[in-house]
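All remarks here apply to the structure that follows.
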Amino acid sequence: MGETHNLNGPVRSTLSLPVHRDVIETTVRRESVSSELRRVRLLIGFLGFLLLIDALLRIAPNLINAALRIRLLGALVPYAIAVVVFLVYEVAVYRWLLALQRKDRAPSIGFLYANVLVEISLPTSLLIVTVLIIGGLPALLGSVPFFYFPFIVLTTLNLDWSLCLFGGAMAGAEFFATYVMFGRASPAAPTDVQIMRMLTSAHQYLIKSLMLLTGGLIAGFVANQLRHQLVRVIATLQERDRAVSIFGQHVSAEVADLLLRQPIELAAQEGEVCVMFLDIRNFSQMANEHSPSEVMDYLNTLFGFMIPAVNEERGIINKFLGDGFMAVFGAPIQNEKPCHHAVSAAMKILAHVEKLNAEGRIPATRLGIGLHMGRVMTGNVGGTERKEYTIIGDAVNLASRIEQATKQLGAQLLVSQAVVTLLADTGCAVQDMGLVELKGQAQPVRLFKLA
């Protein structure tokens with residue numbers, strides 16, 4: 001049974017990562033301000049549309065019945081005045097919200113309720129103008145009451161169900177209050193006509209008021225769902241960014257992002273990988289001659305360029321092994337030429353160490369690197385709370401033994417026959433070291449020296 005090595009330590013589902021509620025609330029608050037700005041822009045556009053309709057009714061006499069147009073002309077100017085007043089108000093609110101957004105602040109909840117009340121009052125104002133000019137019953141049965149619904153629907157962009165419910169309740173209350181104040185005082189119609197008795201009955205206006213309240217309830221439900229979805233999206237993105245931040249310390253950002261977009265299957269899979277083991281020669285002696293802080297700085301200097309070298313070649317650091325590490329090329333990210341990338345990463349590392357040695361920036365350092373290509377079993381192992389991406393196989397053992405053989409053979413980079421065979425197209429200079437007895441291997445292994 002081969003040794004088991006963990007790739008990048010525990011790999012948790014992003015949903016198990018801790019979520020910072022303060023970050024989520026801050027993000028939701030900022031998005032709420034942006035959403036409120038969009039809502040106000042839509043209202044400004046809607047009010048502009050109402051002014052356009054008002055102008056068309058005045059300049060195009062054939063749009064409506066001539067008799068009705070005569071009655072409406074008296075209301076068009078008050079309509080326009082009311083709409084312009086609310087338009088100026090909405091523009092002022094928009095500018096104020098922009099100022100708050102620049103300061104990364106949000107409007108108070110009191111202002112939001114007051115703003116909803118003011119906006120819902122626009123249809124009521126138009127309704128009262130219609131009642132006073134045209135008459136109670138025709139106004140209440142006309143199209144003006146439908147103007148409440150765009151305002152109720154747009155409250156969903158507040159992302160607050162209570163504001164939506166408040167808007168629906170105010171719309172229903174103001175509509176019914178308008179009926180009580182003006183509709184019941186309309187000139188009496190023949191009560192012996194059944195249709196007129198129905199039209200003048202209070203119950204249908206109460207039902208309309210309840211429908212407006214229901215519209216607020218529905219808008220509140222939608223707003224609540226939108227808010228929950230926004231929170232879930234933000235939490236997922238936050239967890240993903242945190243995973244990339246942590247995972248990206250061991251692999252390239254490109255590989256980390258690909259792993260997150262293309263999750264590793266839980267079931268074990270068999271595949272070909274190139275395994276690299278790297279070790280710093282005579283590290284124990286160097287550690288005894290220097291303070292712990294100096295040793296830490298030394299390791300950070302070496303690993304500081306070794307990790308990017310592996311990342312650039314699409315490899316993944318398994319874990320640090322004190323004075324070395326294990327890296328894998330070809331899993332979990334598929335790689336058509338894992339050996340080429342592994343050798344290239346090893347050469348980059350050796351070249352950089354040689355440069356640092358020549359410049360005297362580190363104590364005299366030699367490395368031992370072993371590479372082997374072979375079949376392994378890969379897959380996630382664990383439960384819902386914790387998972388580890390694991391590699392099992394004799395190829396892992398053999399790569400470790402090859403690295404250890406660099407000591408007795410005086411080499412810095414040794415590879416197996418499997419690696420050399422795949423490097424045939426590169427023209428890479430290799431030195432055949434012959435068959436070498438390796439600990440834990442039943443048969444001698446033919447090794448090749450690259451450096």
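What are the pairs, 6+ residues apart or on separate chains, where a residue within segment 369-395 that is modelled with pLDDT of 90 or more has its Cβ under 9 Å from a residue that is of a type in the set (Asp, Glu) and surrounded by 23 or more Cβ atoms within 10 Å (Cβ to Cβ)?
Matching pairs, first to second residue: Ile369/Glu403; Gly370/Glu403; Leu371/Glu403.
When you go through (1) in contact with a Leu (Cβ under 6 Å, 6 or more places away or on another chain); (2) modelled with pLDDT under 90 one by one for Val251, which number turns out not to apply?
Val251 satisfies all of (1) in contact with a Leu (Cβ under 6 Å, 6 or more places away or on another chain); (2) modelled with pLDDT under 90 except (1).
Under 24 Å from Pro123 (Cα atoms), at pLDDT 80 or above and in the same structural domain as Tyr148 (by TED's automatic domain parsing): is that true of Phe175 in this structure? Explain how you work it out, then say what you get.
Details: under 24 Å from Pro123 (Cα atoms): yes; at pLDDT 80 or above: yes; in the same structural domain as Tyr148 (by TED's automatic domain parsing): yes.
So Phe175 passes the test.
Of all residues being among the polar types (S, T, N, Q) and assigned to a helix (DSSP H, G or I) in segment 201-236, which is surrounded by the fewest Cβ atoms within 10 Å (Cβ to Cβ)? Just the residue, please.
Across segment 201-236, the extreme among qualifying residues is Gln229.
For Ile307, which of the numbered conditions (1) in contact (Cβ under 8 Å) with a residue 60 or more places away in the chain; (2) among the aliphatic types (A, V, I, L, M); (3) within 25 Å of Leu398 (Cα to Cα) fails to hold?
The number of the failed condition is (1).
Could you count how many residues in segment 415-428 are outside any helix (DSSP H, G or I) and either without any contact (Cβ under 8 Å) to a residue 40 or more places away in the chain or acidic (Asp, Glu) (or both)?
Here is the first cut: in segment 415-428, the ones outside any helix (DSSP H, G or I) are 415-416, 423, 427-428.
Filter once more, so that each one left must be either without any contact (Cβ under 8 Å) to a residue 40 or more places away in the chain or acidic (Asp, Glu) (or both): 427.
Of the residues in that region, 1 qualify.
For (1) without any contact (Cβ under 8 Å) to a residue 40 or more places away in the chain; (2) under 20 Å from His340 (Cα atoms); (3) in contact with a Pro (Cβ under 6 Å, 6 or more places away or on another chain), each residue gets a yes or a no:
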site	(1), (2), (3)
Leu409	no, no, no
Leu413	no, yes, no
Val430	yes, yes, no
Gly434	yes, no, no
Glu437	yes, no, yes
Ala442	yes, no, no
Ala451	no, yes, no
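Determine whether segment 325-340 contains at least one residue that is over 18 Å from Ser400 (Cα atoms) and part of a helix (DSSP H, G or I).
Scanning segment 325-340 turns up at least one residue that is over 18 Å from Ser400 (Cα atoms) and part of a helix (DSSP H, G or I).
State all residues of segment 178-200 that are modelled with pLDDT under 80 and assigned to a helix (DSSP H, G or I); if no residue qualifies, say none.
Residues of segment 178-200 modelled with pLDDT under 80: 182-200.
Listed by number, the residues that qualify are Gly183, Arg184, Ala185, Gln194, Ile195, Met196, Arg197, Met198, Leu199, Thr200.
Any residue at all in segment 350-358 that's without any contact (Cβ under 8 Å) to a residue 12 or more places away in the chain, closer than 18 Å to Leu414 by Cβ and more than 37 Å from the chain's Cα centre (by Cα)?
Step one: of segment 350-358, the residues without any contact (Cβ under 8 Å) to a residue 12 or more places away in the chain are 351, 354-355, 357-358.
Right, trim to closer than 18 Å to Leu414 by Cβ and you get 351, 354.
With the extra rule that they be more than 37 Å from the chain's Cα centre (by Cα), the set shrinks to 351, 354.
Looking through segment 350-358, at least one residue is without any contact (Cβ under 8 Å) to a residue 12 or more places away in the chain, closer than 18 Å to Leu414 by Cβ and more than 37 Å from the chain's Cα centre (by Cα).
Of the residues Met296, Met276, which single one is in the same structural domain as Val415 (by TED's automatic domain parsing), of a type outside the set (D, E, K, R) and either part of a helix (DSSP H, G or I) or touching a Cys at 6+ places or on another chain (Cβ under 8 Å) (or both)? Show your work before the answer.
On the way: Met276 fails: either part of a helix (DSSP H, G or I) or touching a Cys at 6+ places or on another chain (Cβ under 8 Å) (or both).
It is Met296.
Could you go through segment 356-363 and let me know if any residue there is assigned by TED's automatic domain parsing to the domain that holds Glu272 and either crowded, with 22+ Cβ neighbours inside 10 Å or in contact with a strand residue (DSSP E or B) (Cβ under 8 Å, 6 or more places away or on another chain) (or both).
No; the residues of segment 356-363 include none that is assigned by TED's automatic domain parsing to the domain that holds Glu272 and either crowded, with 22+ Cβ neighbours inside 10 Å or in contact with a strand residue (DSSP E or B) (Cβ under 8 Å, 6 or more places away or on another chain) (or both).
Can you pull out every residue in segment 296-319 that is hydrophobic (A, V, I, L, M, F, W, C) and within 18 Å of Met286 (Cα to Cα)?
Across segment 296-319, the qualifying residues are Met296, Leu299, Leu302, Phe303.
The values are calculated or read from the model by the stated rules, or taken from the named source; none is laboratory data. No experiment lies behind these values; they were computed from the predicted model shown. Please note: Cβ atoms are built from the backbone with ideal geometry, for glycine as well, and neighbour counts cover all protein chains shown.
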